[in-house]
1. Which one of the conditions (1) under 24 Å from K201 (Cα atoms); (2) surrounded by 12 or more Cβ atoms within 10 Å (Cβ to Cβ) does Q122 fail to meet, given that it meets all the rest?
2. Just one of (1) within 30 Å of P108 (Cβ to Cβ); (2) open to solvent by 90 Å² or more (accessible area, probe 1.4 Å); (3) at pLDDT 65 or above trips up R55, so point out which.
3. How many residues does segment 138-158 contain that are of a type in the set (K, R) and touching a helix residue (DSSP H, G or I) at 6+ places or on another chain (Cβ under 8 Å)?
4. Mind listing whichever residues of segment 163-184 are under 31 Å from the mean Cα position of the chain (by Cα) and open to solvent by less than 30 Å² (accessible area, probe 1.4 Å)?
5. Counting only residues that are aromatic (F, W, Y) and touching a strand residue (DSSP E or B) at 6+ places or on another chain (Cβ under 7 Å), how many does segment 151-189 have?
6. Just for segment 60-76: of the residues that are buried (at least 19 other Cβ atoms within 10 Å of the Cβ) and either of a type in the set (A, V, I, L, M, F, W, C) or over 13 Å from G103 (Cα atoms) (or both), which one is modelled with the lowest pLDDT?
7. Run Q135 past the list (1) out of contact with any helix residue (DSSP H, G or I) (no Cβ under 7 Å at 6 or more places or on another chain); (2) surrounded by 13 or more Cβ atoms within 10 Å (Cβ to Cβ); (3) at pLDDT 95 or above and report the number of the one that doesn't hold.
8. Would you check which residues across segment 146-162 are assigned to a loop (DSSP other than H, G, I, E, B) and open to solvent by 30 Å² or more (accessible area, probe 1.4 Å) and list them?
Amino acid sequence: EAARCRVPSLPESNDDELKSLRARRVEMNAELRAVEEEREELCLKIAQPQHTVERASRRLAVLNSVRGQRLVKAREVSKRQRLAEFDEYVRENANYFVKPVLGPILTPMECAHQTHRNMLSQSNANNVFGAYVTQTKADYDKVSATARAMRCDVFLAEKSTWSEPDVSHLRELGVTHRLDQTFDAPAVIKTVLCNVSSLHKAYALKSMPGAQV
């Protein structure tokens, strides 16, 4: 009985204390979030200069390359002002594609003959030279929204149907090439150009009088 008397009496309710502790916990969590956000912002600011330098260095390397020069040309011809930005997006995400996304179409095209280059220029719409080619539906779905936002064109060619044609039977008529033979490019690029611009239905003739043409 004497020991029981010495035991301090228990409060009837500790609701007020619990309420105070909960409020303090909320306050401390808010402070912690603010500190974390500030830390992330500082880390981003610290990393940003290096990221900017690396990105600028990569872009400079591309612009100094043959492909970079053709990229600039494709942008000028196709009037796609954000083509370089979209190209960087494609290159940075290359590891996420099922198959390589090719483009702009002008960059892999190799045509040594000036007359043939003129023919190709006349036979294709300007925007085609700045377009990209995806080889799977999954890759097309990945890039199409970004392409639309940057006003760039993307074609889907899941299967390459192009093969080297034989026009030897037309040589006596003055035909030297079918137009899709006048340049080197991956077969999938030629497939797209035949589908879009019907290059397989256009012919290059040797020099001859107008009446013979």
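The values are calculated or read from the model by the stated rules, or taken from the named source; none is laboratory data. Remember, predicted model here, so these are calculated numbers, not experimental data. Note: ideal-geometry Cβ built from the backbone for every residue, glycine included; neighbour counts use all protein chains shown. Areas reflect the complete protein model, heavy atoms only, side chains present, ligands, DNA and RNA absent. Shrake-Rupley method; radii C 1.70, N 1.55, O 1.52, S 1.80 Å.
1. Here Q122 clears every test but (2).
2. With respect to (1) within 30 Å of P108 (Cβ to Cβ); (2) open to solvent by 90 Å² or more (accessible area, probe 1.4 Å); (3) at pLDDT 65 or above, R55 is out only on (3).
3. First, the residues of segment 138-158 that are of a type in the set (K, R): 142, 148, 151.
Checking which are touching a helix residue (DSSP H, G or I) at 6+ places or on another chain (Cβ under 8 Å) leaves us with 142.
Result for segment 138-158: 1.
4. Of everything in segment 163-184, those that are under 31 Å from the mean Cα position of the chain (by Cα) and open to solvent by less than 30 Å² (accessible area, probe 1.4 Å) turn out to be L179, D180, T182, F183.
5. Narrowing segment 151-189 to residues aromatic (F, W, Y): 155, 162, 183.
Filter again for touching a strand residue (DSSP E or B) at 6+ places or on another chain (Cβ under 7 Å), leaving 155, 183.
Residues meeting the conditions: 2.
6. Among those residues, the one meeting the criterion is L71.
7. (1)
8. Initially, segment 146-162 is screened for residues assigned to a loop (DSSP other than H, G, I, E, B), giving 150-153, 157-162.
Hits for segment 146-162 are R151, D153, E158, K159, S160, T161, W162.
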